[in-house]
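**Student:** Here you go, one structure.
The values are calculated or read from the model by the stated rules, or taken from the named source; none is laboratory data. Model, not experiment: these values are computed from the prediction. As a convention, Cβ positions derive from the backbone with ideal geometry for all residues, glycine included, and neighbour counts pool all protein chains shown.
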Amino acid sequence: MWLQVQSELTDVNLRNVGISDTIPEEWFSKLSSQITFLVISNNQIKGKLPTQLISPNLRYIDLSSNRFEGPLPRWSTNASEIYLQDNSFSGSIPENIDTLMPRLQKLHLSSNHLNGKIPSSFCDINSLQVLSLRSNQFSGELPNCWRHSLMFWAIDVSNNSLTGQIPSSFGLLPSLSVLLLSNNNLDGEIPSSLQNCSGLTSIDLRGNKLSGSLPSWIGERFQSLFMLQLHSNSLSGSIQQQICNPPNLHILDLSENKFSGAIPTCIGNLKGLVSGNNSEPFLRLLISAMKGKTVEYTNIVAAINGIDLSGNNLTGGIPDEVTKLLGLRVLNLSRNQLSGKINETIGDLKDLETLDLSRNHLSGSIPESLASLNYLVKLKLSYNNLEGKIPAGLQKFNDPSVFVGNPSLCGVPLPNKCPGGHRML
């Protein structure tokens, strides 16, 4: 308990030092009043926090990745950065948070057990830069009171039970770069006011009930767009040519919607997927906003340099231009109505790790060049109209389910013998 008697102590950093104990509430109140920086994150510390911390100069608080529980404390009005993610805090956020913490810049409360509504008073904190409330139990509608702010650049409220529409007032945040609203119950259309946020790099609206079309201005206005994830909504209409414009797009996921028509041939113009490079600055920005979620980080990295258009009603052939995307790692076009042949130049995609073309109406033979993809670890060509021998180099995929549902396909690993009475070896 020596920390409690160090009257001039200003910084405390006990991050990841193996503490596994219950801290009494009074420990915090006895800390030096001069402390401005308090970090005890990444331990196994248990206990509740006092209702109010006395240290008037405390500005930076990081208690993340512990086992704290109970209601949120009321911090000093000087607090600017608060990291409490990955704990077991419960209860609601005070409605008057703007008066309790008027200097707040970054608030990370993800992965707790918080509930209630997200206070509209967040809109009145002019200094706010990052608001991360991911993976809690918040309900109700998102506040629609945001005002012009050059500071606010990231909001993450994914994995809650939020309802209503995406606030149109987000369009008054010109510095907004990261917009993560996935896995809620949001409905309505993507608001046109968002086009005012021309600096958006990451948009994740997966797992909601959004309807309407894919706005053309997403491709026209967002030239810094790195990630667009609209998976599992009710969006419809065609995929317009403008989606090919953002030069830094590395993740495009429009799967599980109601899109129809052809895959635009301009898809070969996605410069971010031609080389596959230059994703690191955008990834750092995104992870900074999410702050330390290892699982989410892993999922994002796995999706980088990927296109997922599966589970729609797309028709026509697979554009030859797809094979120009030499940095492509993931291509999923499954569960559509695509027809024609698999491109002979598919083997040019040397970095490809996942290819799923299953449950379409593709015909012809499997290109020999597919067997030359050394990094390919996941392949699904099932339930099409493919025919002929399975190329010998694809024998490493020895699960018949990879090729099943193509009656005219033969060779290992299928039981079907090829003409001549021998299975392809």
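Here's the yes/no breakdown for (1) under 24 Å from D308 (Cα atoms); (2) free of Cβ contacts under 8 Å to residues at least 12 places away in the same chain; (3) β-branched (V, I, T); (4) surrounded by fewer than 17 Cβ atoms within 10 Å (Cβ to Cβ):
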site	(1), (2), (3), (4)
K350	yes, no, no, yes
L373	yes, no, no, no
A392	no, no, no, yes
G411	no, no, no, no
G420	no, yes, no, yes
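**Student:** Here is a follow-up. Pairs only if they're at least six apart or on different chains, beta carbon under 7 angstrom, first in segment 12-37 and farther than 13 Å from L63 by Cα, second in a helix (DSSP H, G or I) and of a type in the set (A, V, I, L, M, F, W, C); list them, first residue then second.
**Tutor:** L31/L3
**Student:** Are there any strands (runs of 3 or more DSSP E) wholly within segment 349-425 with 3 or more residues that are closer than 20 Å to L325 by Cα and at pLDDT 95 or above, and if so which?
**Tutor:** Filter on segment 349-425 gives 354-356, 378-380.
So that you can scan it fast, the table gives a plain yes or no per residue for (1) outside the structural domain of K258 (by the TED database); (2) within 23 Å of I307 (Cα to Cα); (3) under 31 Å from the mean Cα position of the chain (by Cα); (4) of a type in the set (K, R):
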residue: P319; (1), (2), (3), (4): no, yes, yes, no
residue: L331; (1), (2), (3), (4): no, yes, yes, no
residue: R335; (1), (2), (3), (4): no, yes, yes, yes
residue: K341; (1), (2), (3), (4): no, yes, no, yes
residue: E353; (1), (2), (3), (4): no, yes, yes, no
residue: K378; (1), (2), (3), (4): no, yes, yes, yes
residue: S401; (1), (2), (3), (4): no, yes, yes, no
residue: N406; (1), (2), (3), (4): no, no, no, no
residue: N416; (1), (2), (3), (4): yes, no, no, no
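**Student:** Restricting to segment 302-334, name every residue that is crowded, with 20+ Cβ neighbours inside 10 Å and among the charged types (D, E, K, R).
**Tutor:** D308, R329
**Student:** Just to be sure before I move on: is G327 among the small types (G, A, S) and not in a helix (DSSP H, G or I) in the structure I sent?
**Tutor:** Taking the combined requirement at face value, the residue satisfies it.
**Student:** If a residue must be among the hydrophobic types (A, V, I, L, M, F, W, C) and surrounded by fewer than 23 Cβ atoms within 10 Å (Cβ to Cβ), how many such residues does segment 244-261 contain?
**Tutor:** 3
**Student:** Hey, another quick one. Can you find even one residue in segment 255-265 that is modelled with pLDDT under 95 and within 30 Å of S110 (Cβ to Cβ)?
**Tutor:** No.
**Student:** Are any residues in segment 30-66 of a type in the set (G, A, S), under 20 Å from M101 (Cα atoms) and modelled with pLDDT under 85, and if so, which ones?
**Tutor:** Correct list: S33, S55.
**Student:** Checking the condition on the phi < 0 side of the Ramachandran plot and within 21 Å of the chain's Cα centre (by Cα), which residue from H148, H108 passes?
**Tutor:** Result of the check over H148, H108: H108.
**Student:** Residues in segment 193-241 that are touching a helix residue (DSSP H, G or I) at 6+ places or on another chain (Cβ under 6 Å), under 20 Å from G268 (Cβ atoms) and buried (at least 18 other Cβ atoms within 10 Å of the Cβ): how many?
**Tutor:** Final tally of qualifying residues: 2.
**Student:** Here is a follow-up. Looking only at residues that are among the hydroxyl-bearing types (S, T, Y) and buried (at least 18 other Cβ atoms within 10 Å of the Cβ) in segment 139-186, which one is modelled with the lowest pLDDT?
**Tutor:** Among those that are among the hydroxyl-bearing types (S, T, Y) and buried (at least 18 other Cβ atoms within 10 Å of the Cβ), it is S149.
**Student:** Let me ask something else about it. So which residues in segment 140-181 are more than 23 Å from Q223 (Cβ to Cβ), touching a Leu at 6+ places or on another chain (Cβ under 9 Å) and not in a loop (DSSP other than H, G, I, E, B)?
**Tutor:** The answer is G140, E141, L162, T163, G164, Q165.
**Student:** So, one more: Looking at (1) surrounded by 18 or more Cβ atoms within 10 Å (Cβ to Cβ); (2) hydrophobic (A, V, I, L, M, F, W, C); (3) touching a Cys at 6+ places or on another chain (Cβ under 6 Å), find the lone condition where L357 falls short.
**Tutor:** The number of the failed condition is (3).
A quick yes/no check of all residues on (1) within 19 Å of D98 (Cα to Cα); (2) in contact with a helix residue (DSSP H, G or I) (Cβ under 9 Å, 6 or more places away or on another chain); (3) of a type outside the set (D, E):
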residue	(1), (2), (3)
D124	yes, yes, no
S127	yes, no, yes
V130	yes, yes, yes
R134	no, yes, yes
N144	yes, yes, yes
H148	yes, yes, yes
I155	yes, yes, yes
N160	no, no, yes
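**Student:** If we only count strands (runs of 3 or more DSSP E) wholly inside segment 55-138, which ones have 1 or more residues that are buried (at least 19 other Cβ atoms within 10 Å of the Cβ) and charged (D, E, K, R)?
**Tutor:** Answer list for segment 55-138: 60-62, 106-108.
**Student:** Quick check on I318: is it farther than 26 Å from S202 by Cβ, part of a helix (DSSP H, G or I) and at pLDDT 95 or above?
**Tutor:** no
**Student:** Looking for whichever is of a type in the set (S, T, N, Q), in contact with a strand residue (DSSP E or B) (Cβ under 7 Å, 6 or more places away or on another chain) and assigned to a loop (DSSP other than H, G, I, E, B) here; the options are S33, S41. Which one fits?
**Tutor:** Result of the check over S33, S41: S41.
**Student:** Related question: Which of the residues spanning segment 13-45 are exposed (fewer than 15 other Cβ atoms within 10 Å of the Cβ) and either within 19 Å of S110 (Cβ to Cβ) or under 30 Å from the mean Cα position of the chain (by Cα) (or both)?
**Tutor:** If the condition is that a residue be exposed (fewer than 15 other Cβ atoms within 10 Å of the Cβ) and either within 19 Å of S110 (Cβ to Cβ) or under 30 Å from the mean Cα position of the chain (by Cα) (or both), then R15, N16, Q44 are the ones that fit.
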